[in-house]
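Presented below is the structure to which this report refers.
The values are calculated or read from the model by the stated rules, or taken from the named source; none is laboratory data. The structure presented is a predicted model; accordingly, all values stated were derived computationally and were not measured. Here the Cβ positions follow ideal geometry from the backbone for every residue, glycine too, while neighbour counts run over all protein chains shown. Surface areas here come from the heavy atoms of the whole protein model, side chains and all, with no ligands, DNA or RNA. Shrake-Rupley method; radii C 1.70, N 1.55, O 1.52, S 1.80 Å.
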Amino acid sequence: MYSLARKLLFTLSGEAAHQIALESLDAAARLRLIKPFVAKRLQAPVKVMGLEFPNAVGLAAGLDKNADHLNSLDQLGFGFIEVGTVTPRPQPGNPKPRLFRIPEQEAIINRMGFNNKGLDHLVNQVQNQSMNALLGINLGKNLTTPVEEAVNDYLVGLEAVYNFADYVTVNISSPNTPGLRNLQYGEALKDLLQPLKEAQARLADQHQRHVPLVVKVAPDMDEDELQSLAATLRQLKLDGVIATNTTLDKSAVEGLRYGEEAGGLSGRPLTEKSCEITRQLADALEGDLPIIGVGGIFSAEDAVERIEAGASLVQLYTGFIYRGPSLISECAEAIAGMNKN
Ligand SMILES: Cc1cc2nc3c(=O)[nH]c(=O)nc-3n(C[C@H](O)[C@H](O)[C@H](O)COP(=O)(O)O)c2cc1C
């Protein structure tokens, strides 16, 4: 079924196809047509960051930026869904076209630029949701906020979503917001995360609930940079790390249609790279923080390999676009099978 739908959708431009697919999913949910066609959510609970995830497979950030499709996405069987990236104020993102499929490499290049409807809208959407999957909310900064003042945007975000999220992600690894990735290094990272940890402690007190704070990182870091990042995350006692966002390395798509487009590359070309980053981070973190592995997961084997590399959970994005919803249960079952051995 999905391969037929995919054939039709792939005749449209990248962004239009995503929008139509999500709207069709909502329509199918309204007509109660999802459950008969999709495998039941695998119940294989995993405890990570003090939370019980129904299974180990999540939807990565960026597909449902505004939490507009939660009810229908929840019916596909994910163990967790990450919405966002959301910025304090609404913003249009980059001019279209800004999303390009490269089917020869099962890849996508995107330069969306945090197009989103802002915090008020997202909070409105999530506050009355009743999902079975856990909910992650991914925070970013507005384009017009100078990088030196980025911490204020993340603090506003954390405050607004704290009560509605199962975990909150600090996204400092999108390549499409100028200067954002600089926050991953040295003092800039500490200056960002320290106040966020303090705010988290205050909010935990206020709401009588500890909501884990995780950092999402880029795959384009060398070993020294990763070591330094891991040391800071351990020192400041972050709750987890998501590895990885998209890459700026386009060598895998060189010469292909859209291969020269500006933006971040995701999908197949990222499988090895993200897995290696997960392995190196797992070494450097020595079990202090759990890792959510994402990037180029297209099969049960990819998911198992990511867990073997040191991830506790995985997320899907591009693999989900190319393979469809059956990938969720395939990965969840394979990971659950590992835990039994
Ligand atoms: C079109 C598109 C939009 C994305 N938007 C976001 C985003 O808003 N925030 C974020 O943290 N990651 C975003 N990502 C990155 C994904 O969450 C994921 O980390 C990355 O694509 C690697 O996984 P994949 O190879 O399975 O796609 C986006 C990816 C794509 C393809």
Exercise for review: Kindly work out what percent of the DSSP beta bridges joining two residues of segment 41-340 are antiparallel, to the nearest 5.
Suggested key: 30
Practice item. Pop out the carbon and sulfur fraction of the accessible area of the chain as a percent, whole number, probe 1.4 Å. Key: 50
Check your understanding: Taking the simple approach of a point 7 Å from Cα along Cα-to-Cβ for both Tyr185 and Ala27, what is their distance in nm?
Key -> 4.8
Review point. So which aspartates and glutamates can Lys216 reach, going by Cα to Cα under 15 Å and dropping same-chain residues fewer than 8 places off?
Key: Glu82, Glu225, Asp239
Revision key, fill the gap. Over 32 Å (Cα to Cα) among Lys65/Lys190; Lys35/Lys141; Lys35/Lys96 -> Lys35/Lys141; Lys35/Lys96
Check your understanding: Given the rule -39500 (n - 2.57) for each run of at least 4 DSSP H residues, summed and divided by the residues of the chain, what is its mean residue ellipticity at 222 nm, to the nearest 500 deg cm²/dmol?
Key -> -12000 deg cm²/dmol
